[in-house]
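One structure is given here, and the rest of the page talks about it.
Every number in this text was worked out from the coordinates using simple rules, so none of it is lab data. Predicted model only: the values in this text are computed from it and were never measured. So basically every Cβ, Gly included, is an ideal-geometry build from the backbone, and we count neighbours across all protein chains shown.
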Amino acid sequence: MTATLSPKFIKAREDFAAWYDNKSDDMQAFIDVISDRTYHIIDKDEYDAFISELECYGITDAQTFEDVFQGEHEGYGEHVLTKFTEEFCDDTGILGDLSDIAMNCIDYNQVWYYAFQHDFNVVEFKGNTYFFHNNY
């Protein structure tokens, strides 16, 4: 059985291609890196709005995005900050070689507010949270 693409889907793809082709090479590179590194920015209006939001933080091109992007998480709120902090600590090894007992006692929400909140820009966009290191 062969799947048939709907006319609406084909039109959306054509519109996206035309929108993309009308962008400068630098903007296309910016869109490409956002596409490669995120999962929830999917249509041309979202790309335009997200890029506009990033401009407020001085993130205006592909290289800067690559340099400062730290992650994307579904949702907003304290639980997202806590999850990001725990993952960041695990990924970077910033806490060293603590025992499992000590690791299980860490309040990552407090770590966020004590150590990280000033080092990252947090962008909430369309139901998701994006983290960007602000020391570049």
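Around the amide H of Phe120, modelled in the peptide plane, lie the amide H atoms of Asn134, all under 5 Å away and 5 or more residues distant in sequence or on another chain. Each Lys or Arg adds one and each Asp or Glu takes one away; over the other residues whose Cβ falls under 13 Å from the Cβ of Ser35, this sums to -3.
The spread of Cα positions in the stretch 73-123, taken along each principal axis and listed from longest to shortest, comes to 33, 19, 18 Å.
Translational diffusion coefficient of the stretch 1-78 (Stokes-Einstein, Kirkwood radius from Cα pairs, 25 °C, 0.890 mPa s): 174 µm²/s. Eigenvalues of the alpha-carbon gyration tensor of the chain, scaled by 5 and square-rooted, set the equivalent ellipsoid semi-axes at 35, 18, 13 angstrom, largest first.
Distances between every pair of Cα atoms in the stretch 1-44, grouped in 10 Å steps from 0 to the bin holding the largest one, split as 24, 43, 26, 6, 0 percent.
Please get the size of the charge dipole for the chain, origin at its Cα centre, with Cβ charges of +1 on Lys and Arg and -1 on Asp and Glu, quoted in debye to the nearest 20.
480
The count of lysine pairs in the chain with alpha-carbon distances below 24 Å, taking only pairs 8 or more places apart or on different chains, stands at 10. Within the shell defined by Cβ-Cβ distances under 12 Å, the residues around His133 carry a net charge of -3, with Lys and Arg each +1 and Asp and Glu each -1.
With equal scatterers on the alpha carbons only and no solvent term, can you work out the Debye log10 of I(q)/I(0) for the stretch 97-136 at 0.19, 0.21, 0.29, 0.35 1/Å? So the normalised log intensities work out to -0.71, -0.78, -0.94, -1.07.
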